[in-house]
Amino acid sequence: MPLLSFDPRRSDAIVVGLVNNMPDPALKTTEWQVRDLLSRAAGSRAVVLRIFSLPEVPRSAMGRDYVRQNHEDIGALRRDGVHGLIVTGTEPKAARFEDEPYWGALADLIDWAEAHTASTIWSCLASHAAAYRLDGIARQPLDGKMFGVFDCEGATDHPLVAGLGAWKTPHSRLNTVSEGDLERAGYRVLSRSAKAGVDMFIKERNSLFVFLQGHPEYDAIALFGEYRRDVRRFLAGESERYPELPHGSFDEEASALLLGFRERALTRRDIASLELFPAAAVGRQLTAPWRDAATRIYTNWLAFLETSRMRRVGAPLSAPEPAVLTYA
């Protein structure tokens, strides 16, 4: 079932909101990734995707133009409501959440989602922000970037991970949250990785909050694009450290090409050499081994939203009743 255009008269659709706070270069790509994932996960369900962003997130003139032309005003989210919400993060600029220019707006959104959605997915940095807002759980800086594709497995039986055994998930982050801190605050860890730590966790109060430290929505080229961006930053003198290859992302041939470019770049640091970056040769070898698992997770999530919506027929969209998570 393709995603539908928003029509407030269509009562059979599951309405999902995406609050896209990603940096300007990733705005359009993130929306395509989420739309593609929901389309694959929807099956026969009618799903509407509405896209918003927080105006307090700093943007370039080009980014502001894109948001103005392609996103709905955040006020429409509060006015109309949604069944489920997906919230992305952005690159952290400050050591404390409170020092980010968008923190007040994001904190308000977290509170609103708790009261007015059946379930919300908090992605990567947004997952850290929501856990901090709800329970004061502090993110912890990593020694290096958690970057690549990591083996994950379920930590408990739960409908959101039904149908999954072991799977792979992309991660790209500079911070993490402690499993011990989460458990002490009443969170339930659904999946973890031996190398990447906690992968997915939940907390269920009025709304089912789903926290993803990884990026199951990523397409096959997302991590490679981030790696090339970090290489460009090094060559341009914007970063002092040449990036490590993303874990588990390339075969032997592609790794050799990229490491060969690294040797040349470290010998002669020049932004002009980016023209020699083996993007085409490596890009032809990229796959997305996490795709089926990501689809299954979102299929399970949409099943929960559908169950919640069916129990609330006739109720205002912005005032959900608490729902018991079941698998369909």
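Side notes on the structure shown:
- Annotation: peptides 112-118, 298-304, 263-269, ranked by per-residue average of other Cβ atoms within 10 Å with the highest first, follow the order 298-304, 112-118, 263-269.
- Shape annotation for the stretch 222-283: C-alpha extents along the principal axes are 28, 18, 16 Å, from largest to smallest.
- Zone of D111's modelled label, taken as backbone nitrogen in the stretch 28-60 under 20 Å from a point 7 Å along Cα→Cβ: 53-57
- Compared with the alpha-carbon gap, the fully stretched path from E56 to R205 is longer by 50.9 nm at 0.36 nm per residue.
- Segments 21-27, 239-245 sorted - mean Cβ within 10 Å per residue, highest first: 21-27, 239-245
- Annotation: the stretch 23-137 has a Kirkwood hydrodynamic radius of 15.1 angstrom, from the mean reciprocal C-alpha pair distance.
- Rough spin-label spacing in nm, given labels placed 7 Å along Cα→Cβ, for N175 and S44: 4.4 nm
- Computed from backbone phi, the HN-Hα couplings of the stretch 284-291 come to 5, 9, 7, 9, 10, x, 8, 4 Hz, rounded to whole numbers (Karplus: 6.51 cos²θ - 1.76 cosθ + 1.60, θ = phi - 60°; Gly and Pro given as x).
- Calculated SAXS-style log₁₀ I(q)/I(0) at q = 0.16 Å⁻¹ - the chain, Debye, Cα scatterers: -1.48
- Between R68 and I221, the modelled labels are 2.9 nm apart [label points 7 Å from Cα along Cα→Cβ].
- Charged side chains reduced to their Cβ positions (Lys and Arg at +1, Asp and Glu at -1) give the chain a dipole of some 420 debye around its Cα centre.
- Cα-based helix-to-principal-axis angle, 252-267 vs the chain, degrees rounded to 10: 60 degrees
- Normalising the average separation of contacting C-alpha pairs (under 8 angstrom, six or more residues apart) by the number of residues puts the relative contact order of the chain at 19 percent.
- Treating r as the C-beta distance of E91 and D12 and R0 as 30 Å, the FRET efficiency rounds to 0.20.
- A simple spin-label model places pseudo-atoms 7 Å from Cα toward Cβ; at A281 and A256 they are separated by 1.0 nm.
- Nonlocal Lys pairs with alpha-carbon distance under 25 Å, the chain (8 or more apart, or different chains): 9
Every number in this text was worked out from the coordinates using simple rules, so none of it is lab data. For clarity, every value in this text was computed on a predicted model and none was experimentally measured. Reconstructed Cβ throughout: ideal geometry from the backbone, glycine too, with neighbour counts over all protein chains shown.
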